[in-house]
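Asks: One structure, pasted below without further comment.
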Amino acid sequence: MAEQINNLTFAIIKPDAVRAGHTGKIIDRIIGGGFRIRALKMIQQSRAQAEGFYDVHRSKPFFAGLTEFMSSAPCVVMVLEKDGAVRAWRDLMGATDPAKADEGTIRKEFGASVGENATHGSDSDENAAIEIGYFFNRLEIV
Ligand code: ATP
Ligand code: MG
């Protein structure tokens, strides 16, 4: 992307949270947290798309379960804007394992387990740019 992206991150409302009817509540938390939603769509990933997205975890023992889960049902993918967006969104999500997440975080409230933990967030500006480009073309970011 030509745009400076240190104020953008990529987010997913994962299949567990969509299935449980938490999409609206999570979007409300995002807006309440001061993020501007620059792009949003509901998709269902193929297994191959989920494997490509989580390629860095290919060697991990949870890779098969993770990609099966992420392709099992629809999810919501988003581009979020805020100063320091990557850090800010990870702070609002909370720890990967909902049992270890702080009170008031999205994963604490909506996550069921370390695998089914309600949301995804990019872990660096560089990965945010890659992940945004994986799901959105430039015209879809408004
Ligand atoms: P995400 O990348 O989804 O935002 P994260 O950066 O907090 O989460 P990662 O280490 O990147 O955590 O792991 C990616 C995803 O893989 C986690 O969100 C979770 O769904 C799954 N995962 C990670 N560790 C485990 C595990 N030990 N067992 C099962 N699933 C796991
Ligand atoms: Mg990660």
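Bear in mind these aren't lab numbers, they're just calculated from the coordinates by the rules spelled out. Keep in mind the model is a prediction, meaning the values are calculated, not measured. Here Cβ is always computed from backbone atoms with ideal geometry, including for glycine, and neighbour counts include all displayed protein chains.
Asks: Place a point 7 Å from the Cα of ASP123 along the Cα-to-Cβ direction; which residues of segment 20-57 have their backbone N under 17 Å from it?
Replies: 51-57
Asks: Return the single residue from PRO98, PRO74, PRO61 with maximal mean-square fluctuation; model: Gaussian network over the chain, springs between Cα atoms under 10 Å.
Replies: PRO61
Asks: Here's another thing I want to ask about it. Can I get the semi-axes of the chain's equivalent ellipsoid? Compute them from the C-alpha gyration tensor as square roots of 5 times the eigenvalues, in angstrom, largest first.
Replies: Over the Cα atoms of the chain, the ellipsoid semi-axes are 21, 19, 14 Å.
Asks: Here's a follow-up. With a cap of 14 neighbouring Cβ atoms within 10 Å, and only residues DSSP puts in a loop, list the chymotrypsin sites (Phe, Trp or Tyr not before Pro) found in segment 53-92.
Replies: Those satisfying the criteria are PHE62.
Asks: If you don't mind, there's one more thing I want to ask. State, as an integer percentage, the relative contact order of segment 2-140 based on alpha-carbon contacts under 8 Å between residues 6 or more apart. Numbers along the way, then the final one.
Replies: Numbers: 239 pairs, mean separation 51.4, N = 139.
It rounds to 37 percent for segment 2-140.
Asks: Apply 1/(1 + (r/R0)^6) to the Cβ-Cβ distance of GLU68 and ASP102, taking R0 = 41 Å, and write down the FRET efficiency to the nearest 0.05. Don't skip to the answer; put the middle values down first.
Replies: On the way: r = 29 Å, r/R0 = 0.70.
Computed FRET efficiency for GLU68 and ASP102: 0.90.
Asks: Additional query: Which loop GluC sites (Glu not before Pro) in segment 72-128, with loop taken from DSSP, have no more than 13 other Cβ atoms within 10 angstrom of their Cβ?
Replies: Values: sites: GLU81, GLU103, GLU109, GLU116, GLU126; in loops: GLU103, GLU116.
Hits after loop and neighbour filter: GLU103.
Asks: State the antiparallel share, in %, of DSSP beta bridges confined to segment 1-85, rounding to the nearest 5.
Replies: Numbers: 13 of 13 bridges.
If I count the DSSP bridges inside segment 1-85, around 100 percent turn out antiparallel.
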